[in-house]
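Only one structure is covered here, and it is reproduced in the block below.
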Amino acid sequence: MKILLVDDDEDMVHLVKRRLKQDNYIVEVATDGEFAIDLLKASPYGLVLLDVMLPSVSGFDVCQILRNQGNQTPVLMLTGRNQITDKVAGLDAGADDYLVKPFQLDELTARVRALLRRNSEMASPMIHYGPLQFEPKTKALTYLEHPIELRPKELAILELMMRYPTQIFEPDGILDRLWNLADCPGKATVKTHIGSLRKQLATVGANDVIETVYGQGYRLNPAFLKKRLAEGLEEGLEERLEEGLETGNGNGTMPLRKEDSDSIASPPPQQETDIAPSIVNQTILDETWEQVQTSSWNRLCRLEALVSSSAANSMAIAPRPGTLANTDPESCKTAMAIAHKLKGILGTFGFQTASLQAEHIESLLSISTFENSAEVALLQDQVSILKQLLQPHISGPEAHQFHQGEEAHQGEEETLSAQNASMDIINVLVVAWDENWRQMLLKHSQTLSLHIQGCSPLNINECLLEFIPSVIVIELSSTERNVDLSLLDVLVSNYGSQVPILAAIESSRPDEQLVAIYHGANAIIHKTWSPQALLTMIAEYAE
């Protein structure tokens, strides 16, 4: 089955294309909307995976144009835009389904199978043609429960015919559906594959499954199906088949109904079907990340450069919301687009905390004016945090450059590992209503030479009499917001000039982060981050 993937994110394209090819799908790629429309005019596809944010023509417009042209190819929207209004717009434009980035590869492949199944004449996930059975999820083909091994193109041809058992396929039609336009061979190739496919089926006794309709093409042989049923594979089904032939669709056969096909033969047992795909997906994720990590890291460095360029002149002008200070609107759009793509690609590769941080940055860029240095400092901190979160997953030259940058920033020649080994104990005061969260930080603090003292806001005075902090972390509770902000004001007034003060928040709303910065917090951390990420940031500000 041929799928058109429309996305301008090279990393996402690389990952999705590799995963779909694992299931023997033929994947062609368009990186903009206009090219996608041209491809859909030139060749039939079983499915379109369509991103929304595209150059030239948006995904919504591409889908609308297709439907206006009468093209009913199933469309699955893949996008980082997760607002209800965006989903409604996509479905109203004619999309059949909507999947938000980041997503799990298991969910993507399941939705692909569902849409292909919905668009075919078969309703059952297991495709049957008499005793011939095909499981799309595992690509397992059996005849009377005997497994059949086929080459990918042979299997693709047979799957196409089993999905549309009443249709006659011309050689050109098979080429259009199952070969890429760039390397499409001649009709002789189809004939060769059909011949090989027939030989392989014959080895298990499945003779005459494929019929040549002279002057037209190939199809599944209705005589084969009728013969197998007459041999007693299911008592009584032959009569129903004869009735269908008399009142059916006029082309000599009738697609089996789900209740009929399920009763012919139960599918062979598939052991560990819930486990094996996840193992396959994780292997693909790991191997693909090794290939695309450089581009993700370069994107992050470019985002950092855009933000840094705005910081030097943050008070020069009074910018509009959604623009960077002293930065042209196109640069701001570029920064937002980078954060948007990082959110989708990092989450899909499994780096959920980094993905959430990229989403925070995108939100900040979209609503903030950055009309003073505090707002710009907040954005810089958030980009720095994202870099900290992503760095452990980067290997090769980029990781080396990162460590060099950190060493230069700290003015030391030792490596990071040597710095950690020689680090003095850091006293961290965690002021939080959430006792479980305090205990969680305490439990994981030993490896970073942190001495954490936790207390409730109600007994902070007693704690400060006995404990001299190197850094203070204060939780801004959603239920005790006014009390916490007042306490933050007091801590900043008394300790802010000597001790870094970090605000820990639960909400991902940018305005909540800005409130904490306005009240004097040096940086924002999120309670939802992993303990390692939280403690790493705390240690960095304590140095």
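Per the listing 286, 328, the residue uniquely at pLDDT 85 or above and farther than 19 Å from residue 7 by Cβ is 286. Within region 132-163, the set of residues being within 25 Å of residue 30 (Cβ to Cβ) and assigned to a loop (DSSP other than H, G, I, E, B) comprises just one member, 136.
Number of residues in region 224-254 that are modelled with pLDDT of 60 or more and surrounded by 12 or more Cβ atoms within 10 Å (Cβ to Cβ): the value is 6. Within region 469-494, residues that are outside any helix (DSSP H, G or I) and at pLDDT 85 or above reach partners that are among the acidic types (Asp, Glu) and open to solvent by less than 70 Å² (accessible area, probe 1.4 Å) with beta carbons closer than 6 Å, at six or more positions or on different chains, in the pairs 476/484. Looking only at residues of region 504-543 that are under 30 Å from the mean Cα position of the chain (by Cα) and of a type in the set (Gly, Ala, Ser), we find that the one that is modelled with the lowest pLDDT is 508.
Determine, yes or no, whether residue 515 is of a type outside the set (S, T, N, Q), out of contact with any helix residue (DSSP H, G or I) (no Cβ under 6 Å at 6 or more places or on another chain) and either on the phi > 0 side of the Ramachandran plot or free of Cβ contacts under 8 Å to residues at least 24 places away in the same chain (or both). No; evaluated as a whole, the condition is false for this residue. Scanning region 1-11 for residues that are within 13 Å of the chain's Cα centre (by Cα) and not in a helix (DSSP H, G or I) returns 7, 9. Looking across region 362-408, the residues that are of a type in the set (A, V, I, L, M), open to solvent by 10 Å² or more (accessible area, probe 1.4 Å) and at pLDDT below 80 come down to 367, 374, 377, 399, 408.
The values are calculated or read from the model by the stated rules, or taken from the named source; none is laboratory data. The structure presented is a predicted model; accordingly, all values stated were derived computationally and were not measured. Note that each Cβ is placed from the backbone with ideal geometry, even for glycine, and that neighbours are counted across all protein chains shown. What goes into the accessible areas is simple: the full protein's heavy atoms, side chains included, and nothing from ligands, DNA or RNA. Shrake-Rupley method; radii C 1.70, N 1.55, O 1.52, S 1.80 Å.
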